[in-house]
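*Asks:* I have a structure here, written as structure tokens, and I will follow up with some questions on it.
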Amino acid sequence: HISAGNFTQQPCGKHQGVFHSLFCCFPKDPLNDVETWSESVDKVLGCKAGQIAFREFLKSEYSEENILFWLACEDYKKIKTVPEMISSANRIYSEFVHSEAPRQINIDCTTRENITKNISQPTLTSFDTAQKLVYSLMARDCYPRFLKSDIYQGLLRKADSR
């Protein structure tokens with residue numbers, strides 16, 4: 001058993017394929033929500049299984065940094081202490097925002113410069129503008145392709161065949 005946050009991952013055994021191997025650690029069947037994902041990108045981002053499937057899709061399009069940044073920002077906004085906020089802000093900045101970041105997100109120069117200028121004194125809203133830009137990019141460009149993707153269509157078929 002591998003512990004993953006609140007979930008315990010069971011060996012998948014009889015489950016084969018990428019879909020079951022991605023979702024074998026959930027306490028309830030993650031395929032229950034698959035049909036609702038076509039309603040909006042928020043439905044996908046609002047559940048762990050949706051996030052995993054969307055991330056796999058974005059990875060296949062070489063744009064995984066978008067969801068990773070968005071999720072990092074969601075976690076960042078929940079931080080309660082200043083030292084943790086400073087540490088996390090610097091990690092997000094160096095991983096996603098800095099001009100030489102290994103997973104650099106696609107944002108405009110002004111937004112990048114504003115974050116850079118204020119990174120020494122971060123606030124819980126430091127990444128809000130960039131997060132909104134990345135969200136818009138995912139909703140407008142990536143999400144419609146995700147709905148047509150083999151990953152999503154395969155999950156829909158699996159959900160329907162139960």
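*Asks:* Using 7 Å Cα-to-Cβ label points, what is the ASN32/ASN106 separation (nm, one decimal)?
*Replies:* Here the answer is 3.6 nm between the modelled labels.
*Asks:* Okay, moving on. Could you state the number of Å between the C-alpha centres of the range 39-89 and the range 97-113?
*Replies:* The distance from the Cα centre of the range 97-113 to that of the range 39-89 comes to 16 Å.
*Asks:* Okay, next question. Estimate the FRET efficiency between SER60 and SER136 by the formula 1/(1 + (r/R0)^6), using the beta-carbon distance for r and 25 Å for R0, to the nearest 0.05.
*Replies:* Efficiency computed from Cβ-Cβ geometry: 0.75.
*Asks:* What's the carbon and sulfur percent of the range 33-151's accessible surface, probe 1.4 angstrom, rounded to a whole number?
*Replies:* 51 percent
*Asks:* Give me log10 I(q)/I(0) at q = 0.12, 0.17, 0.21, 0.22 Å⁻¹ for the range 33-151, Debye formula, one equal scatterer per alpha-carbon, no solvent.
*Replies:* -0.44, -0.83, -1.14, -1.21
The values are calculated or read from the model by the stated rules, or taken from the named source; none is laboratory data. Note that the structure is a prediction, hence the values are computed from the model and not measured. Here the Cβ is made from the backbone with ideal geometry for all residues, glycine too, and neighbour counts use every protein chain on show. The protein model used for the area step is the full one, side chains on, heavy atoms only, and it has no ligands, DNA or RNA in it. Shrake-Rupley method; radii C 1.70, N 1.55, O 1.52, S 1.80 Å.
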